[in-house]
Amino acid sequence: MKAVLDACVLYPTVLREILQGAAAAGLYQPVFSDRILREWTLAAAKLGPGAQAVAEGEAALLRAAFPRGLTRERPEIEARLHLPDPNDLHVLATAIAAGADEIVTFNAGDFPGHVLAEEGLRRRDPDGFLWEMLSRHPETMARVVEEVRAKAERISGQKVELKPLLKRVRLFRLAKALSG
């Protein structure tokens, strides 16, 4: 299964690392474009000095880890599409060009189901997307999420509880399923 990762799901570090971990475990193939990665790194700049440079380094690592995921921009596809927010046309065009199955995004209103269905695509919120992977591959997803939690704990130098960590990045169902 191929899934386009919209910039809004790459921005929160914990969410991005869980998505990357699931992809590295072979549960899906991530798809992105240079423009999607640029949107993410520009959004990171709002976090303060140096944040954009860090995000650019992380984007380079994402490209290196998933070279088949990088899809070149296709303005000719974009030109024939219509969405409520024209700034999101490139995301849909990337999905079509890559032959993706889904677009993972928080922006439900920007990607109407009927428009995506005409292109053979579905919109997925990240919580449902990852929860479904957990239901199909419980050990693998539990390991991926625990690795991200442990990394957050190492970086912060403090105990990091799983449920609040996942809730901060709007992964409510995943938090409930993994926290019992």
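So the values come out like this:
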| item | result |
| --- | --- |
| Value of D in µm² per second that Stokes-Einstein yields for the chain, Kirkwood Rh from Cα pairs, at 10 °C (1.306 mPa s) | 95 |
| HN-Hα J in Hz across the stretch 152-166 - Karplus 6.51, -1.76, 1.60, θ = phi - 60°, x for Gly and Pro | 4, 5, 4, 5, 7, x, 10, 5, 10, 7, 5, 4, x, 4, 6 |
| In sequence order, calculated HN-Hα J values of the stretch 121-138 (Karplus, 6.51, -1.76, 1.60; Hz; x Gly/Pro) | 10, 10, 9, 10, 7, x, 5, x, 4, 6, 4, 4, 4, 4, 5, 8, 9, x |
| Hydrodynamic radius (Kirkwood) for the stretch 131-179, which is based on Cα pairs only, to one decimal in Å | 11.0 |
| Per DSSP, loop trypsin sites (Lys or Arg not before Pro) in the stretch 116-180 with at most 14 further Cβ within 10 Å | LYS159 |
| Long-range amide H partners of ARG122 with built H, under 5 Å | GLU102, ILE103 |
| Vicinal HN-Hα couplings computed from phi for the stretch 93-106 (Karplus, 6.51 cos²θ - 1.76 cosθ + 1.60; Hz; Gly/Pro x) | 4, 4, 4, 5, 4, 7, x, 6, 9, 9, 10, 9, 7, 7 |
| Candidates ASP85, ASP101, ASP34, ranked by Gaussian network fluctuation over the chain, Cα under 10 Å, top entry | ASP85 |
| Qualifying GluC sites (Glu not before Pro) for the stretch 1-89 [loop in DSSP, other Cβ within 10 Å: at most 15] | GLU73 |
| In the stretch 32-118, trypsin sites (Lys or Arg not before Pro) in a DSSP loop with at most 13 other beta-carbon atoms within 10 Å | ARG72, ARG80 |
| Leading residue at positive end of dipole, the chain (Cβ point charges), from PHE66, GLY50, HIS114 | GLY50 |
| Computed Kirkwood radius, in angstrom, where 1/r is averaged over Cα pairs of the stretch 41-136 | 15.0 |
| Gained length - MET1 relative to LYS159, 0.36 nm times residue gap less alpha-carbon distance | 53.4 nm |
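We did not get these values from a lab; they are worked out from the coordinates using the rules stated. Quantities reported herein were computed from a predicted structural model and do not represent experimental measurements. For neighbour counting, all protein chains shown are included, and Cβ atoms are generated from backbone atoms with ideal geometry for every residue, glycine included.
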